[in-house]
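Participant: Structure incoming, see below.
FYI, it's all coordinate maths here, none of it is from the lab. Bear in mind that the values here come from a model prediction, so they are computed numbers and not experimental data. Here the Cβ is made from the backbone with ideal geometry for all residues, glycine too, and neighbour counts use every protein chain on show.
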Amino acid sequence: MKRLVVVGSVGLALACASVSGLATEGSAVEPVAATAQETTSTLLDGVFTAAQARRGRRVYSRDCASCHGPEMQGGEMAPGIAGSGFMVFWTELPVGSMFERIKVSMPEDGPGRLTDEEYTDVLAFILDSSDYPAGETELPADKAELDKIMIVAAE
Ligand code: HEC
């Protein structure tokens with residue numbers, strides 16, 4: 001039953017995404033739409049590599065797993081941070097927003113102590129664990145570049 005609810009909300013998010021996608025193609029540009037327009041790819045385009053996700057897994061085990069759990073399922077210490085139930089809250093935001101959010105607030109016991117490359121690798125691992133496809137190019141460790149990739153629901 002819980003699973004059905006999750007699938008339903010992802011479908012809804014997808015429907016919303018395509019409606020607003022149509023809206024931004026017109027000439028009436030709203031401030032909110034401007035952000036979406038600057039994105040040139042989505043998480044379905046293979047925006048990280050499998051090797052990068054494997055590096056991210058090591059960073060995750062060292063710096064995140066103690067609170068978020070070995071499989072990102074969350075626990076008493078912290079919420080789950082993978083899967084459609086988590087990603088749905090980020091739908092239509094640029095990947096750069098998630099990068100920034102993690103960089104300024106995580107690990108909670110020492111925010112900002114990882115390198116940008118490590119934050120990017122762990123982000124690749126979160127995406128890999130959330131069933132997004134790996135591709136040929138690595139996720140860049142650069143907020144401006146990450147802002148060009150839009151978060152959409154996994155297929
Ligand atoms: C000391 C415990 C602790 C560690 C270590 C930690 N986190 Fe967290 N994390 C939390 C808590 C508690 C929250 C919920 C409060 C908040 O959102 O700030 C959270 C929230 C988050 C969120 C936002 C969840 C949401 O629903 O938006 C993300 C993403 C995240 N953490 C990623 C990471 C990553 C990646 C690492 C490793 C680099 C990490 N965390 C390490 C405790 C931790």
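Participant: Determine the pairs where a residue that is hydroxyl-bearing (Ser, Thr, Tyr), located within the stretch 80-95, has a partner that is part of a strand (DSSP E or B) with Cβ atoms under 9 Å apart, the partner being 6 or more residues away or on another chain.
Facilitator: Thr91/Met150
Participant: Does Phe48 satisfy being in contact with a helix residue (DSSP H, G or I) (Cβ under 6 Å, 6 or more places away or on another chain) and under 14 Å from Phe125 (Cβ atoms)?
Facilitator: Yes: the conditions hold for Phe48.
Participant: Can I ask one more? Please determine, by comparing only the residues of the stretch 97-111 that are loosely packed, with under 11 Cβ neighbours inside 10 Å and small (Gly, Ala, Ser), which one is nearest to the chain's Cα centre (by Cα).
Facilitator: By that ranking, first place goes to Ser105.
Participant: Condition check: surrounded by 16 or more Cβ atoms within 10 Å (Cβ to Cβ), touching a residue at least 60 places away in the same chain (Cβ under 8 Å) and in contact with a Phe, Trp or Tyr (Cβ under 6 Å, 6 or more places away or on another chain). Does Ala124 satisfy that?
Facilitator: yes
Participant: Go through the stretch 40-86 and report how many residues are hydroxyl-bearing (Ser, Thr, Tyr), part of a helix (DSSP H, G or I) and surrounded by fewer than 16 Cβ atoms within 10 Å (Cβ to Cβ).
Facilitator: Selection size over the stretch 40-86: 2.
Participant: For the stretch 61-90, give me each residue that is of a type in the set (Val, Ile, Thr), near the ligand (Cβ under 6 Å from one of its atoms) and out of contact with any Cys (no Cβ under 9 Å at 6 or more places or on another chain).
Facilitator: None - no residue of the stretch 61-90 is of a type in the set (Val, Ile, Thr), near the ligand (Cβ under 6 Å from one of its atoms) and out of contact with any Cys (no Cβ under 9 Å at 6 or more places or on another chain), so the list stays empty.
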